[in-house]
Amino acid sequence: MKMTINMERPADEVDYSYLVLPFHARQINGMDTCIKKPFIATSSIDRTVKVWSYMAQNGFNLEIDQKFKDEPYCVAFHPSGFHMVVGFNERIRMMNLFEKSLQTYKELTVKQSREIKFSHGGHLFACANSALINVYKFYHPENPQIFKGHNGMIRCIAWLDDDSGFVSSGWDASIYVWKLSNGTEDNKATWEYKIKGVNFTCLTTYKPEQAGSKHLIYATDTLRCLRELHEGESDKNKITKFEQQNCLQQVVLMHNRRAIFGGVGGGTQE
């Protein structure tokens, strides 16, 4: 019998199994790694969240494969490896990781969050809410600090090394540095970088070891440039730019700043 199979919209009565590895059927829209455990989490527009493990003796293995009714927009791993936060259309879900499943234990009304990042210590997490950023305490996720400054969708959030604040970029040609307050004052950006006609796709931060030094910010943009920005530096002529052949969608910096890894939408890397 001849049957047409659509892996993006499989029939409910048919159960498909993968021959090699159960990869995502459609585009991956979120990914995060765990600091203390060899785990990687991915989310996709195929409405699944997958948790992968990598061990030298066992290789790359799928540990959890969970499907949802709604598309997960992004995923963030708690440093402990026991929890994660996933963004959906109507809410974000805080989940516990069990041996073969994810279980929701709390939901927060944050709509269409496409970027969530845990602080290095895991006691806070920041999530984009359109042009706003909400910072929640992980163990008591209520009454978040709200950071307002962007005029367009926020694309990327990166925490500073000491968790005293974070950096954000978006589709409004802006990068902001924010510092956490005690909650009794307005949360205003301590530094900003703007350039017309540019959308920033991703950023990461680095703190030099020299005493009193400011953070360095590495940002990628739609003009196919990688920019090295110095926190507090207002002279745009002193910005270091590295032109690329492709538009970098993601960028990761090694801890010693010896190398920068970038990913592009075409499936290549530089």
Filtering region 185-244 down to residues that are at pLDDT below 80 and among the hydrophobic types (A, V, I, L, M, F, W, C) yields ALA211, ILE239, PHE242
Just for region 165-200: of the residues that are in contact with a Phe, Trp or Tyr (Cβ under 9 Å, 6 or more places away or on another chain) and among the polar types (S, T, N, Q), which one is surrounded by the most Cβ atoms within 10 Å (Cβ to Cβ)? SER169
Every pair of residues 6+ apart whose Cβ atoms lie under 6 Å, when the first sits in region 122-136 and is β-branched (Val, Ile, Thr) while the second is part of a loop (DSSP other than H, G, I, E, B): VAL135/PRO144
Scanning region 66-94 for residues that are under 24 Å from SER168 (Cβ atoms) and among the hydrophobic types (A, V, I, L, M, F, W, C) gives CYS74, VAL75, ALA76, PHE77, MET84, VAL85, VAL86, PHE88, ILE92, MET94
Within region 167-207, considering only strands (runs of 3 or more DSSP E) that don't extend past its boundaries, which have at least 1 residues that are touching an Asp or Glu at 6+ places or on another chain (Cβ under 9 Å), over 20 Å from LYS117 (Cα atoms) and not acidic (Asp, Glu)? 191-194
Do we have LEU248 as modelled with pLDDT of 70 or more, farther than 21 Å from TRP171 by Cα and in contact with a Ser or Thr (Cβ under 7 Å, 6 or more places away or on another chain) here? no
Got at least one residue in region 106-125 being more than 13 Å from the chain's Cα centre (by Cα), among the aliphatic types (A, V, I, L, M) and under 15 Å from GLY165 (Cα atoms)? yes
Going residue by residue through region 233-240, is there one that turns out to be touching an Asp or Glu at 6+ places or on another chain (Cβ under 8 Å), closer than 25 Å to VAL75 by Cβ and in a loop (DSSP other than H, G, I, E, B)? no
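The values are calculated or read from the model by the stated rules, or taken from the named source; none is laboratory data. Keep in mind the model is a prediction, meaning the values are calculated, not measured. A quick note on method: Cβ atoms are made from the backbone with ideal geometry, for glycine too, and the neighbour counts reach across all protein chains shown.
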